[in-house]
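Here's the structure, in structure tokens; my notes come after.
Read the figures in this text as sums done on the coordinates, not as results from a lab. Quick caveat: nothing in here was measured; it's all calculated off a predicted structure. Virtual Cβ from ideal backbone geometry, glycine too; neighbours counted across all protein chains shown.
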Amino acid sequence: MWESFGFEFVNFYFVPGIVLGCIYALGAIGITLTFGILRFANFAHGEVMMTGAYVTWTIMALTGALFGWALHPLIAAIPSVFLMILVFFVVDRFFYKPFRKAPTIKVVMASFGMMLVIRSLVQILWGPNQITFVKGIAKPNSFIRELTGSMDMMILVPNKHFLIMGGTVVIVMLLGYLLTYTRIGKAMRAVSDSPDLALVTGIDVEVVIRATWIVGGACAVAAGVFLATDIQMLETTMGFRMLLPMFAAAILGGIGKPYGAVLGGLVIGLAEELSSYPWIGDAPLLSPGYKSGVAFSIMIVMLIVRPSGIFKGRTF
Amino acid sequence: MNTDNFTLELKNITAGYGESEILHGINLKVKPGEIVAIIGPNGAGKSTAIKAILGLLNITKGSVLLDGNDITDTPPDRVVTKGISYVPQTHNVFVNLSVQENLEMGAWTRTDGIPERLDEMFTLFPDLREKRRQAAGSLSGGQRQMVAMAKALMVDAKVLLLDEPTAGLSPKYRGEIFSTIQDINSSGVPILIVEQNAKQALGCANRGYVLVEGTNRYEGTGKELLDDREVARMFLGGGE
């Protein structure tokens, strides 16, 4: 009894929850950095995730057509990262920078507009229909299956999930190194801490803003590619669907706190998946259709109970 | 042109926030090696004068000269590069950064000699050396003020601007801050200080300016102003 509980729970709820949490975490890092450093909620962030995944797929498809073998998504994601950072720079220069000194609501509205523009452009370029990102059934990792099988357990974790979890760990470690040990990383924390003081300290805030787009853009593309790897397809609404849980993750962790965003992402991802586990009786506790409601509820409760988030971030 | 060798000179500055004009033609000079104090009642425009130097507000008339060069309307981050270091009255440290990280940020515009300067600062402020890994936000008010001053001194400042460095501090720390200000000054850095605490400020200043309602009211050496009956009556708490 306990065993069947354990394996079903781990294989179909816990691991997928962590995987989803990793994707939210990577997206929420960019959101929380933008929030902390540029002081606005960037609604276009999800679209950058989505576009990054589309560009990655295109590079894979192109190499497949030209050479007969498609690049691995993680390799194809690298040029995609550069392209999306460029997109962030252009968007910032022409649509966000003019509002730098204006009331925040203007740049928030600008980002809302960019969200619609980017999604429409993707729909024009790639069409509105779903695209298969990776074909076939994701097989569980045979090594883990045999290893746990020999111990009378049945842990089934597909390789794609190892890729996502491992990739997230590496990215978060790189981010930690950047923010703790590099000059630009410390300056990012300084601007997030107090933009006014950063200005009179002589820190070049525009350089820090560019660094923010680079870090946020790279994490967003990673999140988009991981999401596409997980669901094995591309949709033009996939970024937008992630937006609410990512904001919830950023708020839960504390605005402007990248580690908070990571923790918040994991909590929201787990909460969403675990909410449909049959905790009582045989039926799912919550119908999976309500998953996004879980993130929303957590966000609202957090805003009421502790608006500064777990890591004591900024409150507005 | 009058190049009487001033480090910093404000010539007939008229400035304010948006529409409202706060300074109506201020004149002020800092000579090399001096400590100059600006005192005056609340709302006299003391802090505004400092913000005008930094390019934080609209200067409608007049000019700011640093070593004889016009720096009027230079954006704040460029002002630092030109050699003006500033310690704001409040929110003057990055609370989430460690003490050492704060100092490193202070050295942002510096390209070399950072470890040496860091060491000098820890010699000048020995308390900070022990607390270098602590978040600046976890320190007491007086220690934060030390961090803020050390942070401002990480560059080779031509002049240091201090906005009410002792506001809200206990008398013990106030004395310590003023003696540190004199130490910094004796190492050759001219200092312009805005203070509520007029007596102590004039006590350690070479010269002082009294601002009232955005205009110069009195000026003189620290001692002259301290001895002036009118100044004493208005700002030094009753006078004799």
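Key figures
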quantity: Computed E for A:TYR290/B:TYR17 - FRET, C-beta separation, R0 35 angstrom, nearest 0.05; calculated: 0.10
quantity: Contour excess over end-to-end distance, with Cα ends at A:ILE105 and A:LEU244 and 0.36 nm allotted per residue; calculated: 48.2 nm
quantity: Among A:101-114, B:165-178, the order from most to least packed when residues are scored by Cβ within 10 Å on average; calculated: B:165-178, A:101-114
quantity: Kirkwood Rh, Cα atoms: Rg over Rh of segment A:2-234; calculated: 1.04
quantity: Amide N of segment B:1-45 lying under 11 Å from the label point, which is placed 7 angstrom from the Cα of B:THR215 along Cα→Cβ; calculated: B:24-26
quantity: Cut-off 12 Å between beta-carbons: net charge of the residues surrounding A:PHE35, Lys and Arg +1, Asp and Glu -1; calculated: +3
quantity: Assigned charges on the beta-carbon of Lys, Arg, Asp, Glu; chain A dipole about Cα centre (debye); calculated: 1060
quantity: DSSP-assigned coil residues among GluC sites (Glu not before Pro) in segment B:5-73, each with at most 11 further Cβ atoms within 10 Å; calculated: B:GLU19
quantity: Order of B:MET105, A:MET153 - criterion: other Cβ atoms within 10 Å of each residue's Cβ, fewest first; calculated: A:MET153, B:MET105
quantity: Net +/- balance of residues flanking A:ILE251 in space, Cβ distance below 11 Å, scoring K and R +1, D and E -1; calculated: +3
quantity: C-alpha center-to-center spacing [segment A:240-291, segment B:98-144] in angstrom; calculated: 40
quantity: For segment A:140-195, fraction of C-alpha pairs farther apart than 16 Å, in %; calculated: 62
quantity: Pairwise centroid distance, computed over Cα atoms, of segment A:153-184 with segment B:42-91, Å; calculated: 46
quantity: Loop sites in segment A:188-250: trypsin sites (Lys or Arg not before Pro), DSSP, at most 11 other Cβ within 10 Å; calculated: none
quantity: Estimated translational D of the protein assembly as shown in µm²/s (Stokes, Kirkwood radius over Cα pairs; 37 °C; 0.692 mPa s); calculated: 124
